[in-house]
1. Between residue 202 and residue 110, 0.36 nm times their residue separation minus their Cα-Cα distance comes to what?
2. FRET efficiency for residue 175 and residue 264, Cβ-Cβ distance as r, R0 = 30 Å, nearest 0.05?
3. Grab the other residues whose beta carbon is less than 15 angstrom from that of residue 117, score K and R as +1, D and E as -1, and report the net.
4. Just how large is the dipole of segment 330-407 about the Cα centre, in debye to the nearest 20, putting +1 at every Lys and Arg Cβ and -1 at every Asp and Glu Cβ?
5. Could you work out the relative contact order of segment 107-246, using alpha carbon pairs under 8 angstrom and six or more residues apart, expressed as a whole percent?
6. Where in segment 133-159 does the label zone of residue 91 land, with the point 7 angstrom along Cα→C-beta and an amide N cut-off under 19 Å?
7. I need the peptides 263-272, 334-343 ranked by packing, meaning the mean over residues of other C-beta atoms within 10 angstrom, with the highest value on top.
8. Place a point 7 Å from the Cα of residue 279 along the Cα-to-Cβ direction; which residues of segment 213-255 have their backbone N under 18 Å from it?
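What follows draws every value from the coordinates through simple rules; no lab data is involved. The model shown is predicted, which means the values in this text are computed figures rather than measured ones. Glycine gets a Cβ as well: all are built from the backbone with ideal geometry, and neighbour counts include every protein chain shown.
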Amino acid sequence: MNLARDEASVDLERTLVEYLADRRMTRRALLSRIAAAGATVALAPILAACAAATPSGSPIRSATAAASAADGSPSMAASASPTPASSPEGELFIYNWADYLGDDVIPSFEKRYKVKVTQDFFDNYDTMRAKIGQNGGGYDIIFPSSVDVPAFVKRGLLQPLDQVLIPNKTNLGTEWQSPGYDTGNVYSMPYMWWTTGVAYDSAKVTEPLDSWDALWMDKYKGHIVVLDDVREAFAAALFRLGKSVNTTVDGDLDAAYRLLAQQKPLVRTYTTDDIGALSSGDAWICHAWGSDVHQVTDRPTVKFFIPKEGGVRGSDTTTILASAAHPIAANLFINHLLDARVSAANTNKIGYMGPNAAAIPFIDPAILADPSVNPKRAVIDSLQELLDLGPDLDKYTTRWNRLRAGG
Ligand code: N2P
């Protein structure tokens, strides 16, 4: 960790907050304060963008209006009559998975920026997509999977991030600085990444397990829990069949459907609360996100493995809805998530590895060494990612709905 850079970024952040609070501070004054904070090297691309996009001496236009998303133009673009930003709005509404944010992340943000944060939870991406609909459901920040970002952008659901308010972007590891799903991180910042496999309670299941077959073992009828997630459930079946988890071939999907129908009588429940199912003892064998097992602290006999047939990997992002009523607070919250210490504390609590290279020195070494949470590069490379299937997703959902409805 470069402590000098860390302090510089704290200074810089303070400068930005002052800038937001001070309608009279000009671009020139802001840039000279940033230079004094010693952050010019790390911020060179952002400063260059500011210099190119704003008339000399005029205040930088900030993320004050959702309107900027409607025409797809970045929030730093020149504006004929720029609206100086005021201080962060007093509220922020975020919509996230449960158990996916460390305890102190929101309180520390509220204290620092005097913003009241309300967090609601979705239990799978379908619920989230339905709730935000076309008007955002009243939320500012949502946490979509990275593969959903391009489709959300295309639908006009997201607004460009205000890069000036997110200087902690420089903390991202190189591979996350400009990912393929969102070149330049224009609409999204990487949040956490994950693997999906099988967890089991070794106090109840004593034979060695290493395959997706574990979720189909008759002898554990009533003790098997499957993720209530159409893509993940089909992926488990498709791995058993040796097919791609992104297949759109009807024959493959029919075969996967038959496997899932065969599994259904064994299933105690379909849920995305794998933490709850394992903690309560309900699940002896559980389709699970590897990092969630880290939060099953009251049952140390619970283990996780990535099956020999392969597992799923993916990453989630933070994005700001086009309709967000609190865009400044939203950008600052995303910046807060990318702070090295905040990000590390977040990982230390929820067990998910993030994309934050500067956070690594502050992450619990036991997490860094845990192959369920932080598998080796070769393992990660062997995993399959669930890709956006566009309209072909219907092929999965119609079969899933039929399965869940009982037919
Ligand atoms: C958090 C679940 C996150 C799932 N409990 C991976 N997107």
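1. Extra length from residue 202 to residue 110 when fully extended: 29.0 nm.
2. Rounded to the nearest 0.05, the efficiency is 0.15.
3. Charge balance in the 15 Å sphere: -3.
4. Here the size comes out at about 260 debye.
5. Details: 68 pairs, mean separation 21.1, N = 140.
Relative CO of segment 107-246 lands at 15 percent.
6. 133, 135-142
7. Put in order of decreasing packing, that is 334-343, 263-272.
8. Under 18 Å, as judged by backbone N against the label point of residue 279, lie 225-228 of segment 213-255.
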